[in-house]
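This report concerns only the one structure given below.
Throughout, read-outs are computed from the coordinates displayed, never taken from laboratory work. Quantities reported herein were computed from a predicted structural model and do not represent experimental measurements. Note: ideal-geometry Cβ built from the backbone for every residue, glycine included; neighbour counts use all protein chains shown.
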Amino acid sequence: MAHSPLLGPVIALVAWSIIMLVWLAFARAPYVRNRGELPAGSRGADMPAGKHNWPAHNYEHLMEQPTIFYAIVFVLVFMKFDQLINVWLAWGYVAFRILHSLVQATVNIVRIRFLLFLGATLCLVALTTHAALRFING
């Protein structure tokens, strides 16, 4: 059975999200190990600010806007609208999100993060526009 090429970017972004989950665990582990456990009922957000939280902040971001990406990609797959432009836009979205993660988890320069977020958002807008036009035009 042939699979839609649009599923590749979905799998890649889920895999990247898992990588960021592992990264955040490793980034926070020394803090927890060296400073003891946080009080019962604490969350990661209760940790003091610092670079050890940057991967966690990015992981949270990967649970936000990408959910819309997953939804629109599945809509495109269900409509059998996996033309090359949509595949490239989906991979573009994933590339921008990975680059955004790398910037946020390492140097955390907001101006660069914003431009990468904007690029990803434009890919998402284009995918959504294509889906809407396909839906309207049957």
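Structure summary
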{"quantity": "Gyration tensor (alpha-carbon) shape descriptor, segment 50-113, a/c threshold 1.5", "calculated": "prolate"}
{"quantity": "Charge-dipole axis of the chain as Lys and Arg at +1 and Asp and Glu at -1 on Cβ define it, positive-most pick from Gln104, Leu21, Leu62", "calculated": "Gln104"}
{"quantity": "Alpha-carbon radius of gyration plus Dmax, which is the widest Cα pair, for segment 7-136 in Å", "calculated": "17.2, 58"}
{"quantity": "Estimated inter-spin distance, His3 and Val107, nm [label 7 Å along Cα→Cβ]", "calculated": "3.5 nm"}
